[in-house]
Amino acid sequence: MEAVSRTAATLDQVARAAGVSRATASRVFSGNLRVSEEARRAVESAATRLGYVANSAARSLAAGRSESVGVVVPEPGSGHFLDPLLSRLLRGIGEELSASGLQMVLFSPQSPADVQRLEQYLVGGHVDAVLMLALHESDTLPARLHARGIPMVFGGRPPQSQEVSFVDVDNHAGGRAATEHLIKQGRRRIAHIAGPDHSAAARARLAGFREAMWSAGLRSDFVDYGDLDRDGGELAMGRLLATADDIDAVFAASDAMAAGAMWALQVLGRRVPDDVAVIGFDDSPIASATRPPLSSVRQPVEDMGREMAKLAVSLSGVRDQSPRQMVLSPELSVRESTVASR
């Protein structure tokens with residue numbers, strides 16, 4: 001029998017004594033039904049022998065870990081919770097943390113007072129690491145948590161240039177691939193509907209567009225900006241056509257913007273893709289709902305969530321690691337909106 005004092009027993013020790021994985025042992029104590037009766041009895045017996053206390057607070061004191069990872073989504077009123085990509089990202093995070101026997105805790109502070117309370121909670125040992133999503137340049141919470149030594153992983157490249165751990169999608173390569181696809185279709189008067197300039201991802205997609213146009217010797221100044229929603233795309237498309245009515249293709253910085261652009265084109269009698277080809281970014285459910293279906297740049301969002309969770313677990317296990325950064329490659333999903341009928 002493993003010689004461990006009753007107050008020092010950890011979930012890892014219980015799992016080893018029971019001959020099961022840490023994730024299986026965690027499911028037993030969380031009441032998850034996806035555990036065989038044999039494994040459940042083995043875990044419970046090992047916990048009794050070792051004096052393991054399943055209470056999270058007691059466990060935190062004994063092992064120095066909360067077995068929870070916090071996920072912070074600032075500015076919930078800004079529309080992030082309506083973004084289908086967020087649900088995919090959270091799914092990836094949750095699946096990976098669950099497989100590691102950890103709990104995901106979601107935070108969405110709505111006011112400065114909420115942020116202050118959240119900071120106190122996070123530095124109080126209630127989570128082992130923090131995943132930061134959808135940050136704005138004015139957010140100061142990450143810097144304060146960093147100063148307190150809290151392991152953090154950013155979803156996307158953070159606005160500031162500090163040395164931090166993050167997982168991102170190569171938005172520049174995605175913007176270039178979308179534009180190169182339009183060029184290969186024979187389009188030459190290509191416009192870009194860009195997202196807000198404060199968005200690092202939107203800026204990178206615009207840079208990819210311009211690089212592809214310059215490489216092909218084509219004009220890259222057909223650019224308009226808007227919010228990353230349907231209205232933003234519709235309004236920007238109208239402005240672009242008012243200045244250059246011979247545009248024959250559009251790359252929009254999001255699928256929602258692309259859907260708005262398609263609507264504006266069709267209202268004005270332009271056929272998609274025969275007259276104007278349209279491609280978006282994200283490969284969200286919107287892409288299959290438009291008529292015609294929308295070509296788009298697919299972000300590996302679930303993979304991004306899983307990699308963020310893996311990195312958070314690693315950083316929380318061994319403190320003072322050097323920042324680690326990962327950039328995932330997007331893929332092109334070609335549909336009827338960019339391929340003209342023969």
For this session: Hey, could you grab the Kirkwood Rh for the chain? Inverse mean 1/r over distinct alpha carbon pairs, Å, one decimal.
Result: 22.2 Å
Problem set entry | Listed peptides 178-191, 325-338 by packing density, highest first (mean Cβ within 10 Å) | 178-191, 325-338
For this session: Please determine, in degrees from 0 to 90 and to the nearest 10, the orientation of helix 84-99 with respect to the longest principal axis defined by the Cα atoms of the chain, where the helix direction is its Cα long axis.
Result: 30 degrees
For this session: Select from A216, T179, V278 the residue farthest towards the positive end of the dipole of segment 171-299; place +1 on Cβ of Lys and Arg, -1 on Cβ of Asp and Glu, and compute about the Cα centre.
Result: A216
Exercise. If you build a Gaussian network model of the chain, linking Cα atoms that sit under 10 Å apart, which residue out of A204, A259, A147 swings the most?
Worked result: A147
Problem set entry | Cα-Cα P(r), segment 80-233, percent of pairs per 10 Å interval | 9, 31, 31, 18, 9, 2
Seminar exercise, completed: Placing each pseudo-label 7 Å from Cα in the direction of the beta carbon, D274 and R298 end up separated by a distance in nanometres of 2.9 nm
For this session: Calculate how steeply helix 112-121 sits against the longest principal axis of the alpha-carbon atoms of the chain, using the helix alpha-carbon long axis, and give the answer as 0 to 90 degrees to the nearest 10.
Result: 40 degrees
Exercise. Using helices alone, what [θ] at 222 nm do you get for the chain, with -39,500 (n - 2.57) per DSSP H run of 4 or more residues, divided over all residues and rounded to the nearest 500?
Worked result: -13500 deg cm²/dmol
Exercise. Given a cut-off of under 8 Å on Cα pairs at least six residues apart, what relative contact order in percent is computed for the chain?
Worked result: 16 percent
Exercise. About the Cα centre of the chain, what is the dipole size in debye to 20, counting +1 per Lys and Arg Cβ and -1 per Asp and Glu Cβ, all else neutral?
Worked result: 820 debye
Problem set entry | For A277, net neighbour charge (Lys/Arg +1, Asp/Glu -1) across residues whose Cβ lies under 12 Å away | +3
Exercise. Once the Cα atoms of helix 255-267 and of the chain are each reduced to a long axis, what angle between those two axes, in degrees from 0 to 90 to the nearest 10, is obtained?
Worked result: 20 degrees
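Quick note: the coordinates plus some simple rules give every number you see, no bench work behind them. Values in this document were obtained by computation on a predicted structure and should not be read as measured data. Cβ atoms come from the backbone with ideal geometry, glycine included; neighbour counts cover every protein chain shown.
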